[in-house]
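A short write-up of the structure that comes next.
The values are calculated or read from the model by the stated rules, or taken from the named source; none is laboratory data. Quick caveat, the model's predicted, so the values are computed rather than measured. Positions of Cβ are backbone-derived with ideal geometry, glycine not excepted, and every protein chain shown enters the neighbour counts.
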Amino acid sequence: MLKIGYKQSFVRQFNKLEPALQDEVVEKIEEFRDKKNHKNLRVHKLHGALKDRYSFSVNYDHRIAFRYLDNNTVVLLDIGDHDLYK
């Protein structure tokens, strides 16, 4: 199981989401804790200016960007639509 930290900007973005979407995000984060679910969540490494980050899908429109601190610890950085990558 992964240990997950939250950047303050992630928490602010999360708090602005609709309650139903917040529930979905919490479910996906719980799934994300188990590395066996990473393929289903479409975890992938980002490129270009974001090359030190990874991302996974919450739903068709929303993604969560994160960074590995070590093999068992990640910090969630941002949540949003595809503009998250800009």
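Side notes on the structure shown:
- Residue, farthest from the chain's Cα centre (by Cα), within the range 53-86, restricted to residues that are of a type in the set (D, E) and modelled with pLDDT of 90 or more: D70
- Yes/no for L77 being in contact with a helix residue (DSSP H, G or I) (Cβ under 9 Å, 6 or more places away or on another chain), outside any loop (DSSP other than H, G, I, E, B) and either among the aliphatic types (A, V, I, L, M) or exposed (fewer than 15 other Cβ atoms within 10 Å of the Cβ) (or both): yes
- Every residue from the range 12-41 that is under 16 Å from D61 (Cβ atoms) and assigned to a helix (DSSP H, G or I): Q13, F14, A20, L21, Q22, D23, E24, V25, E27, K28
- Selection from the range 39-54 of residues that are within 20 Å of M1 (Cβ to Cβ) and touching an Asp or Glu at 6+ places or on another chain (Cβ under 9 Å): N40, L41
- Entry remark, the range 35-44: residues being surrounded by fewer than 11 Cβ atoms within 10 Å (Cβ to Cβ) and either over 11 Å from the mean Cα position of the chain (by Cα) or without any contact (Cβ under 8 Å) to a residue 12 or more places away in the chain (or both) number 2 in total.
- Answer residue from the range 15-38, given it is among the aliphatic types (A, V, I, L, M) and out of contact with any strand residue (DSSP E or B) (no Cβ under 8 Å at 6 or more places or on another chain) and is nearest to L2 (Cα to Cα) among those: V26
- Here L69 clears all of (1) part of a loop (DSSP other than H, G, I, E, B); (2) in contact with a strand residue (DSSP E or B) (Cβ under 7 Å, 6 or more places away or on another chain) except the condition numbered (1).
- For the residues S9, S55, the requirement of being assigned to a strand (DSSP E or B), surrounded by 12 or more Cβ atoms within 10 Å (Cβ to Cβ) and hydroxyl-bearing (S, T, Y) singles out S55.
- Summed over the range 12-30, the residues that are surrounded by 15 or more Cβ atoms within 10 Å (Cβ to Cβ) and without any contact (Cβ under 8 Å) to a residue 12 or more places away in the chain give a count of 0.
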